[in-house]
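Just so it is clear, none of the values below were taken in a lab; they were calculated from the coordinates. Everything numeric in this text was worked out from a predicted model, so none of it was measured. Here the Cβ positions follow ideal geometry from the backbone for every residue, glycine too, while neighbour counts run over all protein chains shown.
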Amino acid sequence: MNDIAVKCKNIWPGLGIATITGMAALFLSEHYNAPAMLFALLLGMAVSFLYQNDTPCACGIDFTASTLLRAGVVLLGLRIALGDLAVLGWQTALMLAGAIFTTIVLGVGLAKALGLQKRFGALTGGSVAICGASAALAISTILPKGENHERDTLLTVIGVTAMSTIAMVLYPIIAGQLGMTDTEAGIFLGGTIHDVAQVVGAGYSVSESAGDMATLTKLVRVAMLMPVVLIMMLFIKRFYKASTQAEGGEVPKMPLFLIGFIALMLLNSFVALPEFIIEMGTQVSRFFLVVSITAIGMKSNLGKLAEVGMLPIVMIVVETLWIALLILGFLYAM
């Protein structure tokens, strides 16, 4: 009991400063209409000295960047119901699955071609293909924990958040220039923009019906997060056990957050939950993810980020263009 009390006491300073910084990021996001994740990263990096040299905040920051992150991912399950797939139709759902698979494969191939680790390609490809920063955080928890694990996660979150913001502005213009209907525009926006918030902003900037379709399409992409995470985990355990151990990483075990996510998704699918519970769970999930990405920013080392150069950004740009062109091709083929 004393050990638990001591551990809890050590967690509070870091958890408190990460929470306060995350709340500041949410405040700035609401008042300046910019992504909360981006503000959280920048503010976290600005106070990264709180994590250095074994300060009293270090233990709580570690807790926030790991445990609180997993709790936020679990609560994402309340956003999704299996009925969403039926509403969207099997052809569109199959198209989204194909786009996700090929984007991840492209990311791994690009990483290999550019001399980067293949797991970094899986991380960027998965985050672009599914749901941006949230996917990056979820996938990072099951990838082998190598030397540059947190740096790669931070780079991915920065890249996909920036690209998602650019897409939120440009893609509705593209949809208008191509003469898309509201349904087509919604599928295009929901199937290509990375983060949920930016999808909502882009969709409703076109029309209410386009916004509804974009949100539904995006939720179907989010629903594919856990199958992708599970497949990645099984693939790593089966084929890359030796190589991950040689690189200094650990082969991931079945994460509890995966089970929790699936349980909440099934609960939301088969039980008519009150709307306020779903809304509350969604807001708590967003808050936890913002606070955890703040903590990851606090753990960052700007010198290591600078060492990587432009290659990760090039990868994310190429992956973003790839999934956009795939969705456009599908819409015109239909």
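So for Cys59, Cys131, fewest C-beta neighbours within 10 Å to most, what's the order?
The fewest-first ordering by Cβ neighbours comes to Cys59, Cys131.
Longest exposed-loop-site-free stretch of the chain, with GluC sites (Glu not before Pro), DSSP loop and at most 15 other Cβ within 10 Å?
1-146
Return an integer: the convex hull volume of the alpha-carbon atoms of region 40-156, in Å³ per residue.
121
Taking the beta-carbon count within 10 Å as an exposure proxy, list Thr92, Thr141, Thr217 from fewest neighbours to most.
Sorted ascending by nearby Cβ count, the order is Thr141, Thr92, Thr217.
Helices from the chain with mean Kyte-Doolittle at least -1.0 and a Cα length along the axis of 18 Å or more, per DSSP H: which?
2-32, 90-113, 149-177, 208-223, 225-239, 256-270, 275-298, 311-333
Taking the Cβ of each residue in His194, His149, His31 as the centre, tally the other Cβ atoms inside 10 Å and list the residues starting with the fewest.
Least crowded to most crowded, the residues run His31, His149, His194.
Where the convex hull is taken over the Cα atoms of region 2-333, what is its projected area averaged over directions, in nm²?
The orientation-averaged projected area of the Cα hull of region 2-333 comes to 17.5 nm².
Any idea what the dipole of the chain comes to, in debye rounded to 20, about its Cα centre with Lys/Arg Cβ at +1 and Asp/Glu Cβ at -1?
Value, rounded to 20: 880 debye.
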